[in-house]
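The values are calculated or read from the model by the stated rules, or taken from the named source; none is laboratory data. Computed from a prediction, not measured in an experiment: that's the story for all the values here. For neighbour counting, all protein chains shown are included, and Cβ atoms are generated from backbone atoms with ideal geometry for every residue, glycine included. Accessible surface areas use protein heavy atoms only, side chains included; no ligands, DNA or RNA. Shrake-Rupley method; radii C 1.70, N 1.55, O 1.52, S 1.80 Å.
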Amino acid sequence: MSRRLADDAVGVAAALDMLRAGGIVAVPTDTVYGLSVALDTPGGIEKLYAAKGRPVDKAIIVLVDGLDQLAGLVFVPPAAQVLGGVGWPGGLTLILPLRPTAQVPPALTAGTATLGVRVPDHPTPRTLARVLGPLPTTSANLSGEPDALDAAAVESAIGDACELILDGGPTRGGRPSTIVDCSSGSPSIVRVGAVPVHILATALDEAGIRHSIEEPTPSA
């Protein structure tokens, strides 16, 4: 089974070593446990897909400590800066356009020219990203199965496919992140989630930025 360490200074140091060595590490986040791998690991993204049986046409996001970590990877339009200001750290994922010179594995973006980015409201993944750079991360459960809300659930779901689990106790779960597509001229909602849509729309309105963010129409 996977090695399991407490989510403390010793555990984080071990996680950094494992990620540098190309391993997969399960980490607690502000919502659920995630599986992470260093961005420059050869075949690392493919290992994430295999570990959870994720369809390869579904892109994987990166967790970062701040937008400054993305300078060489994506364009950050004014709308993304505004939205990040009200939604980060927290449950907001922004889809941003890749720079033509960006060096990222094609598997990370599922062949698209965009990258999903989130700043989690949890110190551990942000520390790992601050040291290693943008951290490809996907939820630590088998695809289509319930989210892993504690270390035991990660062990049960993923088993030996993950080299190390940082045990930070139960996560709070809750709604998945709100996803906003900022890759075109007018930001739009891809998924309604943890960050209320009206907060995002109001922030863009106050900044004078055109957008297509609206509350979804209730089903009949």
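Brief remarks follow.
- As a summary of the residue check, Ala102 satisfies the conditions (1) free of Cβ contacts under 8 Å to residues at least 60 places away in the same chain; (2) part of a strand (DSSP E or B); (3) not aromatic (Phe, Trp, Tyr) except for the one numbered (2).
- One residue from Ile209, Ile213 being in a loop (DSSP other than H, G, I, E, B), free of Cβ contacts under 8 Å to residues at least 60 places away in the same chain and crowded, with 16+ Cβ neighbours inside 10 Å: Ile213
- Top-ranked residue of the stretch 1-31 - restricted to ones that are without any contact (Cβ under 8 Å) to a residue 24 or more places away in the chain and not small (Gly, Ala, Ser), ranked as surrounded by the fewest Cβ atoms within 10 Å (Cβ to Cβ): Val10
- For the stretch 167-206, a residue qualifies if it is among the acidic types (Asp, Glu) and either open to solvent by less than 50 Å² (accessible area, probe 1.4 Å) or within 19 Å of the chain's Cα centre (by Cα) (or both), and the qualifying residues are Asp167, Asp181.
- One residue from Ala148, Ala203 being among the aliphatic types (A, V, I, L, M), assigned to a loop (DSSP other than H, G, I, E, B) and either touching a Phe, Trp or Tyr at 6+ places or on another chain (Cβ under 8 Å) or closer than 15 Å to Val82 by Cβ (or both): Ala148
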